[in-house]
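J.: Take a look at the following structure, please.
The values are calculated or read from the model by the stated rules, or taken from the named source; none is laboratory data. Given the structure is predicted, the values throughout are model-derived calculations rather than measurements. With ideal geometry, Cβ positions are generated from the backbone for all residues, glycine too; neighbour counts draw on all protein chains shown.
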Amino acid sequence: MTPRRQFLAILFAGIAFIVVFRMIEPSNYQIGLLMRCMILMIVTIGLNILIGHAGLVSLGQAALYGLGAYVAAWLAVKGDVSFMPAVIAGIVVTALFGAALAYPTVRVKGVYLAVITIAFGLVFQNILVEWISVTGGSQGLTGIPRGEAFGVRLTRRIYYWVVAVCLVIAFILQYNIIYSRYGRAMRATAQSENASRALGINIGWIRTLAFVLSAMLAGLAGGLYTFLNLFVNYETFTFFHSITFLLMVILGGTGTLFGPVLGTSILTYIAEVLQDLKEWQIFAYGMLLAIIMFVMPKGIVGSVAALTQRFTAKPRARATESWPSRDVPLDTLLGARTKSTDSALKADKLTIQFGGLTAVDQVMLDVKPGTVHALIGPNGAGKSSVLNLISGFYSPTSGAVTFQGESIAGTPSHLLARKGIARTFQNTELFGQMSVLDNVLVAFHCQYQSQLIGTVLRLPRFTREEKMYLDRARQLLAFVGLSDYADELASNLPFGHQRRLEIARALALQPKLLLLDEPAAGLTHAEIEDLKTLIRMLTEYGVTVILVEHHVEMVMTVSDHVTVLDYGKVIASGPASTVQKNPQVIEAYFGTGGILAKPAATTGQPA
Amino acid sequence: MSGANPLLQVAGLRVTYGRIEAVRGIDLEVAQGEFVGVIGSNGAGKSSALRAITGVVPPAAGTVSFEGQAISGMRSHTIVGRGIAMVPEGRQIFSDQTVEDNLVLGSYVRIGQDDAGVKADTDRVLTLFPRLRERLAQQAGSLSGGEQQMLAIARGLLSRPKLLIVDELSLGLAPRILEMLFPVLVDLNREGLSILLVEQMASYALQVTHRTYVMENGRILMHGKSAELANDSRVLDAYLGRHRPA
Amino acid sequence: MGEILQYLLSGLSLGGIYALVALGFYIMWAVSNAANFTHGDIYMLGAILAVVFVAMGMPLVVATLAAMAVCAIVGALIERILVRPFNKEPNAIGWMLTTIAAGIVIESGATVTYGPLGRPLDSPLAHTPIRAGGAGIYPQELILPLVAIALMIGLELFYKRTILGRAMRAVAFNRVAAGLMGIDVNKIALIAYALAAAIGALAGILIAPVIQAVPTMGALIGLKAFGVAIVAGISNARGVVIVGICYGVIEKFIEGYISTGARNAVGFTLMILVLLAFPQGIFGRKEIAKV
């Protein structure tokens, strides 16, 4: 089932359930339980975007939920603000806090972030209890008036529909974000920061977006809770509740559409059943969390999906086409032919030091447009460091880099990618848990014109663009001969195919300058021949290529110009044929040969 | 080429990462007292094969036996205890500890059992690499690349291995230093130590080893006497960066 | 003047707890890049086990050792069952969730069996306070920072001088290379978690005579101590102990000069700010991003 069909099926089944449930005249208790459950689902749907897609764990989600609730409650009680503006204010304030919480994610990850979110949750709870004049202290805020919207008093019967509509909106929002360039970018940054930056994705921005979205949903849920319960106090928003939210998402299945909804329903139900157990209830929660982690770390939905996949999907041989394909016209892939300027890239006394080590030392480069410029040298000579400097992954200690006449030294990598500098990585950095097709689609992230609103609302332009880039991605896969692998996970590709995919992904940026870091490593002779053909096709088209490579034969046949580095310094630079004869190069690169003073004739060494 | 009593025997070894097959069924032998090389380009599967032999990753299939006993599937600390030492790719010395501490860790499996032997061997490796003796109390991370490689070799020797495996001796080192280190391996081998050398710089490996396996794309492409392979045109083409001799 | 001295002394005592618990995080982190995330509950477990053992008629010293031993076993089990299987990938966080689960189970299990109320642990050092310059403190409280510093020095010597210590550092630095030295990496991790748990338990037992042992005493301390370890950079014992003791003192001064209620809010906010300024922690080393 395609994700779209799954989405629609769940959506309509869910709506049907909500309607039917209401019609069978449930008891007040039952209807209240379902409303609470729906509100919690809104929180977990938001948390799922954060954990399941952006790969960021928040252990303070209950505090964001509480923030929305308290803001709405405070406005309603103290400011006599009505339902809609109070809830919206709650969402806005929560979103701001979400953005503030996201700020550290640019710098810290994993467990550090978890600590910050825990600390945030504890600070929030502390303030709720202590700042009595505003929060009512441990008594909380009482006497919240029942809401009114559009002149209608929100009785429990009507409020049921309000909550249901909000849940449906949250669910649709989740789908529309996940299956868009934003969702792809979130998953990409979770899987490889380096590759994401190289594709022009601003990691900080994407993570902030994920945080803000999840905070907004938590804020919305909080506001809804306030006007359902008509009373708020700190006990609903503790660290334990943050853990419960996490548990709901993991139980259902992180990163799945239906997971948070399912996990929330099950746990809410279990909580009701276990209510009489008091302290044992918490004990059972803990055991449950541990057991889930053991038995099905992918959650219910994830595990069921994996099982059905195993039993239904027959492994089939996939056809690998030869590449680069001549059937795909390059101008559809690479856009307009690059106009030649007199220099594509210049480095002037480029230097970088790590600690005391000078990895790149006063390197001068002048790369002509539409040529292949190779960087060679022994291991550790600084070739990859030069590449990282050019692509913005390192900032030079001193020296200048100009790209098409513009100074780019110190410009962050994602901005350089948008200017047309694409790269591959020495140890291929694919988004392993994304499909082959999605890997290429991620690279179009910065070319979309539709913005967030247009994407969420699925405006016509978004649909048009999505289709256009899908076509382009398929063409790129055809170009590198991987069409048949489109729906396979990237990590399942054989090594040579991974290299192809990485190049296809880099080409999606329509680069003016392509940096290839040891593209031939691990390839067979035949694959290397294909690679050479590709490089020639690209340069004929006007793309400039900088090639870092160990494979000497390839370097010598494909390069227009070769620069040799040793200990971070340029020791020779010129046409391949000249460099090859330079004695200094021979010594640095090939060794002098006479290790055991054997006669050169038997060792086959260049003297 | 197989000796009567191969020290290390690898048969049908496969190594996979997920669905990627890095090593696709290789057979390899090191006889007692032999110096064997494995050459091949970056990504050919050489290091993956070594990782499986030394128990860093479990092999997906195939067997590894050492002194006639199967060691495949054992974890690396057990394998080291059996008498295989590894000088890992990129040295991987404990750079936050002193040179002396690194040497102590090298003798970890013998401590408490053969303290006198450890002392004598430590003295021996320090005679072999006098520069390490001068720097005993220094942080290992402050050593130069060549000195770090010496430390890595010395550390490997201190477990008193029957087989020394060296992964990419040349990595990041200048020819000047390599021309000092390779002869040390040759000498160790002449004194009776069996050595398996994995090396990207084929030109060096072919000069020091008795036999060489050429790996490509996870398979062994050919193997034979090093002196013969050094003149094989296919090897010259692919790994020595030379065009066919006219 | 007397006030300041009082804050300082009780801050040192509180800081001693943070330092001891944080030391455990440091020990665990070093060998596994993970930790028992609810180490605070081990601290609590140590305290209530000591109370229970004394009630069973054991002398205080024996009860202390017995409680530490039980906690060490629990720590080792947590490593084996809840951390190791969930810490296979470089940035795995599964261990965080499983150990949080364990923490919930331990705390609620303790509440159910031991009861929610605090019970005192009698110690001769908590009978008469020492008075000086208008401040008063039990000798028992002063032991904490001293034990923390002594353990820190002991740990540093252990890491530098003993084979096991060197092996632990080797495992911390590079697991694969350590395995290639013949070091059983898993065994080392197990020992480290047991050691951390024993130290955590000791902290709980040492403070129990002053504050009474209660099942809820650990969770918050654990989280704060983890924050302390992270803020210190979690990479050296000295940094962890210094930051731990300072944090305790800062908390007492916040209590004194702002309000008791503001303690956690201000303290945690401070932690967040420091982490923003020093993402690697105050004493942490910056890693060069490898591309």
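J.: Which one of B:A238, B:A246, B:A174 is away from chain A (no Cβ under 13 Å), more than 14 Å from the chain's Cα centre (by Cα) and modelled with pLDDT under 90?
T.: B:A246
J.: Of the residues in segment B:40-54, how many are at pLDDT 90 or above and within 14 Å of chain A (Cβ to nearest Cβ)?
T.: Total satisfying the criteria: 1.
J.: Does A:T332 count as modelled with pLDDT under 80, surrounded by 13 or more Cβ atoms within 10 Å (Cβ to Cβ), away from every other protein chain (no Cβ under 14 Å) and within 30 Å of A:T371 (Cβ to Cβ)?
T.: Considered against the rule, which asks whether it is modelled with pLDDT under 80, surrounded by 13 or more Cβ atoms within 10 Å (Cβ to Cβ), away from every other protein chain (no Cβ under 14 Å) and within 30 Å of A:T371 (Cβ to Cβ), A:T332 comes out as no.
J.: Another question, if that's okay. Regarding C:G239, is this residue modelled with pLDDT of 85 or more and over 13 Å from the mean Cα position of the chain (by Cα)?
T.: In short, yes.
J.: Let me ask another. In this structure, is A:T117 of a type in the set (V, I, T), within 25 Å of A:S214 (Cα to Cα) and more than 7 Å from every other protein chain (Cβ to nearest Cβ)?
T.: Against the criterion (of a type in the set (V, I, T), within 25 Å of A:S214 (Cα to Cα) and more than 7 Å from every other protein chain (Cβ to nearest Cβ)), A:T117 qualifies.
J.: Anything in segment B:84-123 that is over 19 Å from C:V31 (Cβ atoms) and touching a Phe, Trp or Tyr at 6+ places or on another chain (Cβ under 7 Å)? List them, or say none.
T.: Result: B:I84, single match.
J.: Against the condition within 12 Å of chain A (Cβ to nearest Cβ), at pLDDT 90 or above and surrounded by fewer than 24 Cβ atoms within 10 Å (Cβ to Cβ), how does C:I250 come out, does it pass?
T.: Against the criterion (within 12 Å of chain A (Cβ to nearest Cβ), at pLDDT 90 or above and surrounded by fewer than 24 Cβ atoms within 10 Å (Cβ to Cβ)), C:I250 does not qualify.
J.: Listed residues A:M41, A:M35; which is closer than 16 Å to A:I169 by Cβ, in contact with a Ser or Thr (Cβ under 8 Å, 6 or more places away or on another chain), touching a residue at least 12 places away in the same chain (Cβ under 8 Å) and aliphatic (A, V, I, L, M)?
T.: A:M41 is the lone residue from the list that is closer than 16 Å to A:I169 by Cβ, in contact with a Ser or Thr (Cβ under 8 Å, 6 or more places away or on another chain), touching a residue at least 12 places away in the same chain (Cβ under 8 Å) and aliphatic (A, V, I, L, M).
J.: Also: Of all residues in segment B:154-171 being closer than 14 Å to B:S76 by Cβ and more than 9 Å from every other protein chain (Cβ to nearest Cβ), which is farthest from the chain's Cα centre (by Cα)?
T.: Per the stated criteria, the residue is B:P161.
J.: Please find, among A:I42, A:I15, the residue that is more than 21 Å from the chain's Cα centre (by Cα), assigned to a helix (DSSP H, G or I) and closer than 22 Å to A:N229 by Cα.
T.: A:I42
J.: Continuing with the same structure: Report, by residue number, each residue of segment C:135-170 that is more than 14 Å from chain B (Cβ to nearest Cβ) and either free of Cβ contacts under 8 Å to residues at least 24 places away in the same chain or touching a Pro at 6+ places or on another chain (Cβ under 7 Å) (or both).
T.: Those that are more than 14 Å from chain B (Cβ to nearest Cβ) and either free of Cβ contacts under 8 Å to residues at least 24 places away in the same chain or touching a Pro at 6+ places or on another chain (Cβ under 7 Å) (or both): C:G136, C:I137, C:Y138, C:P139, C:Q140, C:A150, C:I153, C:G154.
J.: Using the structure shown, decide if A:T44 is touching a Phe, Trp or Tyr at 6+ places or on another chain (Cβ under 8 Å) and farther than 22 Å from A:T142 by Cβ.
T.: Yes; evaluated as a whole, the condition is true for this residue.
J.: Picking from A:L220, A:L209, which residue would you name as being more than 25 Å from A:R505 (Cβ to Cβ), outside any loop (DSSP other than H, G, I, E, B) and either in contact with a strand residue (DSSP E or B) (Cβ under 9 Å, 6 or more places away or on another chain) or more than 14 Å from chain C (Cβ to nearest Cβ) (or both)?
T.: A:L220
J.: In segment B:111-121, how many residues are crowded, with 18+ Cβ neighbours inside 10 Å and under 18 Å from C:A167 (Cα atoms)?
T.: Selection size over segment B:111-121: 1.
J.: Could you look through segment B:166-198, keep only residues that are touching a helix residue (DSSP H, G or I) at 6+ places or on another chain (Cβ under 7 Å) and part of a loop (DSSP other than H, G, I, E, B), and pick out the one that is nearest to B:S48 (Cα to Cα)?
T.: Residue satisfying both the conditions and the ranking: B:L169.
J.: Now for a different question. Got at least one residue in segment B:225-233 being within 18 Å of B:I84 (Cα to Cα), out of contact with any helix residue (DSSP H, G or I) (no Cβ under 7 Å at 6 or more places or on another chain) and more than 10 Å from chain A (Cβ to nearest Cβ)?
T.: Scanning segment B:225-233 turns up no residue that is within 18 Å of B:I84 (Cα to Cα), out of contact with any helix residue (DSSP H, G or I) (no Cβ under 7 Å at 6 or more places or on another chain) and more than 10 Å from chain A (Cβ to nearest Cβ).
J.: Looking only at segment B:187-202, count every residue that is buried (at least 17 other Cβ atoms within 10 Å of the Cβ) and within 11 Å of chain A (Cβ to nearest Cβ) and tell me the total.
T.: Number of matching residues: 3.
J.: Additional query: For the condition within 14 Å of chain B (Cβ to nearest Cβ), in contact (Cβ under 8 Å) with a residue 60 or more places away in the chain, assigned to a helix (DSSP H, G or I) and surrounded by 24 or more Cβ atoms within 10 Å (Cβ to Cβ), what is the one hit in C:A201, C:A189, C:A229, C:A208?
T.: The match here is C:A189.
J.: I'd like the residue in segment A:455-465 that is assigned to a helix (DSSP H, G or I) and free of Cβ contacts under 8 Å to residues at least 60 places away in the same chain and, out of all such residues, is surrounded by the fewest Cβ atoms within 10 Å (Cβ to Cβ).
T.: A:P460
J.: Taking segment A:421-454, which residues are without any contact (Cβ under 8 Å) to a residue 60 or more places away in the chain and either among the small types (G, A, S) or not in a helix (DSSP H, G or I) (or both)?
T.: Those that are without any contact (Cβ under 8 Å) to a residue 60 or more places away in the chain and either among the small types (G, A, S) or not in a helix (DSSP H, G or I) (or both): A:N427, A:S435, A:Q449, A:S450, A:Q451, A:G454.
J.: Condition check: buried (at least 21 other Cβ atoms within 10 Å of the Cβ), within 15 Å of B:L128 (Cβ to Cβ) and touching a strand residue (DSSP E or B) at 6+ places or on another chain (Cβ under 6 Å). Does B:I153 satisfy that?
T.: Spelling it out, B:I153 is indeed buried (at least 21 other Cβ atoms within 10 Å of the Cβ), within 15 Å of B:L128 (Cβ to Cβ) and touching a strand residue (DSSP E or B) at 6+ places or on another chain (Cβ under 6 Å).
J.: Could you list all residues from segment B:55-82 that are of a type in the set (A, V, I, L, M, F, W, C), under 23 Å from B:A31 (Cβ atoms) and more than 14 Å from every other protein chain (Cβ to nearest Cβ)?
T.: B:V64, B:F66, B:A70
J.: If you check A:K278, A:K298, which single one turns out to be surrounded by fewer than 20 Cβ atoms within 10 Å (Cβ to Cβ), of a type in the set (K, R), over 25 Å from C:T216 (Cβ atoms) and within 12 Å of chain C (Cβ to nearest Cβ)?
T.: So the residue among A:K278, A:K298 that is surrounded by fewer than 20 Cβ atoms within 10 Å (Cβ to Cβ), of a type in the set (K, R), over 25 Å from C:T216 (Cβ atoms) and within 12 Å of chain C (Cβ to nearest Cβ) is A:K298.
J.: Looking at segment A:538-572 only, could you name the residues that are surrounded by fewer than 21 Cβ atoms within 10 Å (Cβ to Cβ) and touching a helix residue (DSSP H, G or I) at 6+ places or on another chain (Cβ under 7 Å)?
T.: A:Y541, A:E553, A:M556, A:T557, A:I571
J.: Of all residues in segment B:98-130, how many are in a loop (DSSP other than H, G, I, E, B) and within 20 Å of the chain's Cα centre (by Cα)?
T.: 2
J.: Let me ask something else about it. Pull up segment B:51-74, narrow it to residues that are among the small types (G, A, S) and not in a loop (DSSP other than H, G, I, E, B), then point me to the one that is surrounded by the fewest Cβ atoms within 10 Å (Cβ to Cβ).
T.: B:A70
J.: Same structure, new question: Determine which member of the set C:A126, C:A132 is more than 21 Å from C:F53 (Cβ to Cβ), in contact (Cβ under 8 Å) with a residue 24 or more places away in the chain, surrounded by fewer than 22 Cβ atoms within 10 Å (Cβ to Cβ) and over 19 Å from the mean Cα position of the chain (by Cα).
T.: Going through C:A126, C:A132 in turn, the sole match is C:A132.
J.: Which condition breaks for B:E21 when tested against (1) buried (at least 16 other Cβ atoms within 10 Å of the Cβ); (2) among the acidic types (D, E); (3) more than 14 Å from chain A (Cβ to nearest Cβ)?
T.: Result: B:E21 passes all but (3).
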